[in-house]
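Participant: The following block contains the structure, expressed as structure tokens.
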Amino acid sequence: LVVSANYQDLLNNLNNLTTLDIIFAKAMMAIKHNYNNFTIVNKQLFNLKKAKHPLIDSEKVVPIDVQLGDKYNAIIITGPNTGGKTVALKTIGLMNLMAYSGMLLPCDSSSTIGMFKEILVDIGDEQSIEQSLSTFSAHMTKMKSIIDTFSFESLILLDELGSGTDPVEGSSLAISMIDYMKKRGAKLIVTTHYSSLKEYAYKTNDVVNASQASTDMFVEV
């Protein structure tokens, strides 16, 4: 009877204690792993310095510097297999999501995080025997969902866009989708092995190739 009569107060206490526990957990994690504060700006951009993937041993992980949304609206990350392309992509996504969750970040305190309405991601292979989806079909299904959803306030992260089919057709399709989303204001980061996407990055003013050996290179992977 006592519990029944005070159930609303007990539920409120549970919610308050859960909130406090989450706040303290974030603080303890930041202290344990030496996370830092950062600057928040009300723009669709970010500038991460010495960012580390939070799930990789901090003694082994390779920090990356990357910025997007100021001079460049799209980054094409190129390089060999096991070169760190997908890890870089995941690191960028996690940094933004951690910031939006009220967490400090495993990066330098001079880093800046902007305000994206949504982060749309296609990473990994979701081919399905049950749904008769090949690797390429699975990627295209997800890309259709992204294209139907994105806006000029979106950050889009795509791993091996256009893979799983003929390289010429896949690279042409990838370039057309990047152009479509970029021209409508979205910010994109795409990993690839396709040479034509590398050439596209060199020839397009607001796109940068992350392996580009110049003073304008913003990513180190």
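The values are calculated or read from the model by the stated rules, or taken from the named source; none is laboratory data. Everything numeric in this text was worked out from a predicted model, so none of it was measured. Cβ coordinates were reconstructed from backbone atoms using ideal geometry, including for glycine residues, and neighbour counts include every protein chain displayed. Heads up: the accessible areas ignore ligands, DNA and RNA and are worked out on the full protein's heavy atoms, side chains in. Shrake-Rupley method; radii C 1.70, N 1.55, O 1.52, S 1.80 Å.
Participant: Tell me whether the stretch 14-58 comes out rounded, prolate or oblate; compute the Cα gyration tensor, take square roots of the eigenvalues as a ≥ b ≥ c, and use a/c under 1.5 as the rounded threshold.
Facilitator: Details: a/c = 2.89, a/b = 1.41, b/c = 2.05.
Verdict is oblate for the stretch 14-58.
Participant: I'd like the antiparallel share, as a percent to the nearest 5, of DSSP beta bridges with both residues in the chain. Could you put the intermediate results ahead of the total?
Facilitator: Numbers: 8 of 28 bridges.
In the chain, approximately 30 percent of DSSP beta bridges are antiparallel ones.
Participant: In the chain, which longest range has no GluC sites (Glu not before Pro) that are both DSSP loop (not H, G, I, E or B) and surrounded by at most 11 other Cβ atoms within 10 Å?
Facilitator: Numbers: sites that count: E59, E130.
The longest uninterrupted stretch comes out as 131-221.
Participant: Separate question: Which one, C107, H193, L173, is farthest towards the positive end of the dipole of the stretch 84-195 when Lys and Arg carry +1 and Asp and Glu -1 on their Cβ?
Facilitator: About the Cα centre, the residue reaching furthest to the positive side is C107.
Participant: What FRET efficiency would be calculated for the residue pair E169, D206, taking the C-beta separation as r and a Förster radius of 35 Å, to the nearest 0.05? Working shown, then result.
Facilitator: Details: r = 25 Å, r/R0 = 0.72.
Once the sixth-power term is evaluated, E becomes 0.90.
Participant: Contour minus end-to-end for N12 and N36, with contour as 0.36 nm per residue of separation and end-to-end as the Cα-Cα distance? Walk me through the numbers on the way to the answer.
Facilitator: On the way: separation 24, 0.36 × 24 = 8.64 nm, distance 3.18 nm.
Extra length available between N12 and N36 comes to 5.5 nm.
Participant: Any idea how far apart L55 and S101 come out in nm if each label point goes 7 Å out from Cα toward Cβ?
Facilitator: According to this spin-label approximation, the distance is 1.0 nm.
Participant: Sticking with this structure for a sec: Just how far, in whole angstrom, is the stretch 74-108 from the stretch 170-185 if you go by their alpha carbon centroids?
Facilitator: What the calculation gives is 21 Å, centre to centre.
Participant: For the Cα atoms of the chain, what angle does the longest principal axis make with the long axis of helix 7-33, in degrees from 0 to 90, nearest 10?
Facilitator: Helix 7-33 sits at roughly 50 degrees to that axis.
Participant: Something else now. Using the Cα gyration tensor of the chain, with a ≥ b ≥ c the square roots of its eigenvalues, what is the shape: rounded (a/c below 1.5), prolate (a/b larger than b/c) or oblate (neither)?
Facilitator: Values: a/c = 2.15, a/b = 1.55, b/c = 1.39.
Prolate shape, in that a/c is at least 1.5 and a/b is the bigger ratio.
Participant: Let me have the 222 nm mean residue ellipticity of the chain computed from DSSP H runs of 4+ only, each contributing -39500 (n - 2.57), with the sum over all residues rounded to the nearest 500. Don't skip to the end; give the middle numbers.
Facilitator: Details: 6 runs with 88 residues, N = 221.
Mean residue ellipticity at 222 nm (helix-derived): -13000 deg cm²/dmol.
Participant: List the lysines whose Cα lies under 22 Å from the Cα of K182, skipping any in the same chain that are fewer than 8 positions away.
Facilitator: Hits, sequence-local ones excluded: K43, K71, K85, K90, K117, K142, K144, K198, K203.
Participant: Here's another thing I want to ask about it. Decide, for the stretch 34-105, between rounded, prolate and oblate: order the square roots of the alpha carbon gyration tensor eigenvalues as a ≥ b ≥ c, take rounded if a/c falls under 1.5, and otherwise choose prolate if a/b is larger than b/c, else oblate. Walk me through the numbers before you get to the answer.
Facilitator: Numbers: a/c = 2.14, a/b = 1.11, b/c = 1.93.
Judged from the Cα gyration tensor, the stretch 34-105 comes out oblate (a/c at least 1.5, b/c at or above a/b).
Participant: Quote the charge dipole size of the chain about the Cα centre in Debye, to the nearest 20; the model charges only the Cβ of Lys and Arg (+1) and of Asp and Glu (-1).
Facilitator: Working: 19 positive and 23 negative charges, 110 e Å.
Dipole of the chain, to the nearest 20 debye: 520 debye.
Participant: Next question. Using a probe of 1.4 angstrom, how much of the accessible area of the stretch 4-89 is carbon and sulfur, in percent?
Facilitator: Values: 3180 of 5730 Å².
Ligands and nucleic acids excluded, carbon and sulfur give 55 percent.
Participant: With +1 on each Lys and Arg Cβ and -1 on each Asp and Glu Cβ, how big is the dipole of the stretch 11-121 about its Cα centre, in debye rounded to the nearest 20?
Facilitator: Values: 11 positive and 7 negative charges, 31 e Å.
Once rounded to the nearest 20, the dipole reads 160 debye.
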